[in-house]
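Okay, so here's the structure we're looking at.
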Amino acid sequence: MDLKFGLPVCLLETKLRDSSKPYRQKRVTNRKLISSNQSKPCPWRNRSEITSNTHALFRLTKQCGYDKWTRPGSNTEPLQVHTRIFVYFLGSIEAHYLQFTAHILVRFRWRDPRLEYKVMSPSIDKIVGEGVLRNQIWVPHVYLVNEHESKMMGADQQDVLITALPDGTIYYSTR
């Protein structure tokens, strides 16, 4: 990620747009109003029949009505999203405009209980994917305070790595 910040930058903050009030999307199905964060029962979750990452991801996100627009966890508590920022390059300091350029890797970690698969498939130790996986799961909306301009390296689907662990912990890395 190539970023330009207005100086002085004392702290990089991450904030979630929806941490205090959960986004609850509603849809009409069979003339009844149903909240989208109600889970459908998934009888296959207790069986060990999943053998590939692609198959496990399909089962987790498609067949049980996973809603990527609804944040995981409780509707009353904010979701904890842990952030790590690795600065690889810091340069192009423009004193006249009070800006500098940085190349960074940003890594987020959160837990989405809807993506737990340890009972469903104990043989899979992690599901790893790129932009395709990002488009199927909930990801936090994070912004940098004092950011003047940012550019993602590579195409939209590149330079993104997502890892899902059996307990529903998600690691999302981008540069």
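Taking the range 80-103 as the region of interest, how many residues are closer than 16 Å to Tyr171 by Cβ, out of contact with any Phe, Trp or Tyr (no Cβ under 6 Å at 6 or more places or on another chain) and in contact (Cβ under 8 Å) with a residue 60 or more places away in the chain?
Residues meeting the conditions: 1.
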(message) Tell me whether the range 64-72 contains one or more residues that are small (Gly, Ala, Ser), surrounded by fewer than 17 Cβ atoms within 10 Å (Cβ to Cβ) and without any contact (Cβ under 8 Å) to a residue 60 or more places away in the chain.
(response) yes
(message) I want to confirm something. Restricting to the range 77-107 and keeping residues that are part of a loop (DSSP other than H, G, I, E, B) and modelled with pLDDT of 85 or more, which single residue is nearest to the chain's Cα centre (by Cα)?
(response) Val81
(request) Would you point out which residue out of Pro113, Pro166 is at pLDDT 85 or above, loosely packed, with under 13 Cβ neighbours inside 10 Å and in contact with a Pro (Cβ under 8 Å, 6 or more places away or on another chain)? (result) Pro113
(message) Being touching a residue at least 40 places away in the same chain (Cβ under 8 Å), in a strand (DSSP E or B) and farther than 16 Å from Asn53 by Cβ: is that true of Val145 here?
(response) no
(message) If I filter the range 148-157 for residues that are at pLDDT 85 or above and surrounded by fewer than 13 Cβ atoms within 10 Å (Cβ to Cβ), do I get at least one hit?
(response) no
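The values are calculated or read from the model by the stated rules, or taken from the named source; none is laboratory data. Here the structure is a predicted model, which means the values were calculated and not measured. As a convention, Cβ positions derive from the backbone with ideal geometry for all residues, glycine included, and neighbour counts pool all protein chains shown.
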